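**Student:** What follows is a single structure, and I will ask about it in a moment.
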Ligand code: LMR
């Protein structure tokens with residue numbers, strides 16, 4: 001029922017007083033603003049807390065300690081401490097600058113060849129392309145946000161189950177589109193291993209048929225703890241049995257075991273499930289962090305469903321950012337469209353992956369001799385950039401306040417930001433906070 005009980009009030013416009021009317025609830029808001037003794041609306045804003053990952057880098061940058069170390073945000077750093085531009089990227093950019101003839105708008109779905117290449121990288125040709133709808137998105141986060149808008153608008157009665165823990169930005173991205181969320185068990189009580197039974201129990205007994213499930217295809221963020229291939233096959237069956245929709249975050253392809261190996265979880269899921277949404281990112285594996293380049297790929301049961309889904313996804317894009325930026329996607333497309341550059345990329349990616357494995361092993365070894373008596377061998381089977389150290393919030397704060405070493409509050413360490421030459425400094429600081 002519409003409430004027509006409006007009330008009158010006087011509005012001061014410059015020197016003039018004007019009579020207006022409004023709903024009483026609005027008058028309460030207006031009175032509250034007026035009573036705060038400021039005519040400015042922005043003066044009433046509360047300050048939001050800093051972002052739990054990117055906010056730490058802001059604090060890090062302001063830290064004057066010359067020995068500071070940033071192991072919070074997930075970026076790869078080489079032995080010189082730089083986040084390098086890959087050689088294949090430099091060469092692709094050189095070609096692009098020479099050959100580029102227009103800065104005209106892209107289609108809503110992005111660079112067409114790029115979208116095909118994203119599908120190739122994820123599925124390796126194992127899915128009928130007519131069942132796939134791929135959009136180029138601004139990074140993996142852009143893809144997730146479009147997925148959230150699509151789920152909220154088109155699949156409105158479903159809930160999204162997210163692993164506990166998950167990437168800190170997953171919850172706000174889906175919440176901002178109003179997608180209802182639940183969490184499933186992921187990390188076991190020892191905080192070092194995968195709780196397969198807990199996850200299976202939550203999905204089998206607590207999820208409703210038709211709900212969506214957020215999965216990290218590889219290199220789980222923040223833990224680095226992934227299911228085994230056998231567990232992925234079982235997860236695929238659990239999803240299929242309850243018609244749960246897989247929403248897969250694929251931000252680290254090639255950082256775990258290899259490009260195809262890391263995609264095998266997706267292949268296992270699609271063997272048992274006809275539908276999925278996959279959000280991938282090229283920030284890490286191409287080192288294109290600031291270019292914001294990723295994709296959203298929807299797999300449908302048949303071609304006409306894929307076409308309809310694509311039309312709805314495009315509507316979500318149009319009212320968010322209209323169409324994506326070209327440069328990052330053009331770089332990826334140039335590399336993947338050229339055999340020599342692709343080979344160069346594979347080598348550079350393997351180099352980053354191998355070095356991250358070595359850094360993780362070096363950290364475990366150095367901790368053994370650091371005097372803390374704390375065995376970090378549980379990190380060795382972990383995959384990708386991150387490791388869950390097991391440090392608690394107090395120890396994380398001590399690392400920051402007493403040693404200027406920044407890791408995420410959950411105890412997540414960006415292994416890809418470690419440095420061979422500074423491992424001693426890092427490990428003695430970690431030993432110090434464990435002992436005290
Ligand atoms: C991270 O988890 O550190 C990265 O994915 C960067 C980010 O945006 O949070």
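Taken together, the values in this text are just the output of simple stated rules run on the coordinates, not laboratory data. Everything quoted here is computed from the prediction, not taken from an experiment. Counting neighbours? That spans all protein chains shown, and the Cβs are built from the backbone with ideal geometry, glycine included.
**Student:** Please label the shape of segment 286-336 as rounded, prolate or oblate, based on the square roots a ≥ b ≥ c of the eigenvalues of the alpha-carbon gyration tensor (a/c under 1.5 means rounded; beyond that, a/b larger than b/c means prolate, else oblate).
**Tutor:** Values: a/c = 2.98, a/b = 1.65, b/c = 1.81.
Because a/c hits 1.5 or more and a/b fails to exceed b/c, segment 286-336 counts as oblate.
**Student:** When 1/r is averaged over all different Cα pairs and the result inverted, which Kirkwood radius in Å belongs to segment 227-269? Show your work: numbers first, answer last.
**Tutor:** On the way: mean 1/r = 0.0918 Å⁻¹.
After inverting the pairwise mean of 1/r, the radius is 10.9 Å.
**Student:** Would you mind pulling out the separation of the Cα centroids of segment 89-164 and segment 193-218, in Å?
**Tutor:** 26
**Student:** Set the Förster distance to 22 Å, then compute FRET efficiency between residue 90 and residue 68 from the Cβ-Cβ distance, nearest 0.05.
**Tutor:** Efficiency for this residue pair is about 0.15.
**Student:** Give the Debye-formula value of log10 I(q)/I(0) at each listed q (0.10, 0.12, 0.20, 0.24 Å⁻¹), with one equal scatterer per alpha carbon of segment 335-436, two decimals each.
**Tutor:** -0.32, -0.44, -0.96, -1.32
**Student:** Note down, for segment 235-324, the three equivalent ellipsoid semi-axes (square root of 5 times each alpha carbon gyration tensor eigenvalue), biggest first, whole angstrom.
**Tutor:** 23, 22, 9
**Student:** Still on this structure, I have one more. Using the Cα gyration tensor of segment 381-436, with a ≥ b ≥ c the square roots of its eigenvalues, what is the shape: rounded (a/c below 1.5), prolate (a/b larger than b/c) or oblate (neither)? Each step should come with its number before you reach the end.
**Tutor:** Values: a/c = 1.78, a/b = 1.22, b/c = 1.46.
Oblate.
**Student:** Taking a cut-off of 20 Å, what percent of all Cα-Cα pairs in segment 181-267 are separated by more than that?
**Tutor:** Values: 1140 of 3741 pairs.
Considering segment 181-267, 30 percent of its Cα-Cα pairs are separated by more than 20 Å.
**Student:** Hey, what's the Cα Rg ratio for the chain versus the globular rule of thumb, 2.2 N^0.38 Å?
**Tutor:** Taking N as the residue count of the chain, the ratio is 1.11.
**Student:** Classify segment 122-249 as rounded, prolate or oblate, taking a ≥ b ≥ c as the square roots of the eigenvalues of its Cα gyration tensor: rounded when a/c is under 1.5, otherwise prolate if a/b is larger than b/c and oblate if not.
**Tutor:** Taking the square roots of the gyration eigenvalues as a ≥ b ≥ c, segment 122-249 is rounded.
**Student:** Looking at the chain, send over the antiparallel percent of its DSSP beta bridges, to the nearest 5.
**Tutor:** Values: 23 of 41 bridges.
Around 55 percent of the beta bridges assigned by DSSP in the chain are antiparallel ones.
**Student:** Scale the Cα Rg of segment 221-372 by the rule-of-thumb value 2.2 N^0.38 Å and send over the ratio, two decimals.
**Tutor:** 1.25
**Student:** Would you list 195, 375 from fewest to most Cβ contacts within 10 Å?
**Tutor:** Numbers: 195 19, 375 10.
In increasing order of surrounding Cβ atoms, one gets 375, 195.
**Student:** Oh, and also: For 194, 42, what ranking results if the residue with the fewest other Cβ atoms within 10 Å of its Cβ goes first?
**Tutor:** The most exposed by this proxy come first: 42, 194.
**Student:** Same structure again: Would you please report the Å³ per residue occupied by the convex hull of the alpha carbon atoms in segment 41-101?
**Tutor:** Details: hull volume 11.1 nm³, N = 61.
Convex hull volume per residue, Cα atoms: 182 Å³.
**Student:** Restricting to bridges with both residues inside segment 242-386, how much of the DSSP beta-bridge set is antiparallel, in percent to the nearest 5?
**Tutor:** If we restrict to bridges inside segment 242-386, about 60 percent are antiparallel.
**Student:** In addition: As a footprinting exposure proxy, order 38, 64, 166 by other Cβ within 10 Å, with the fewest listed first.
**Tutor:** 64, 38, 166
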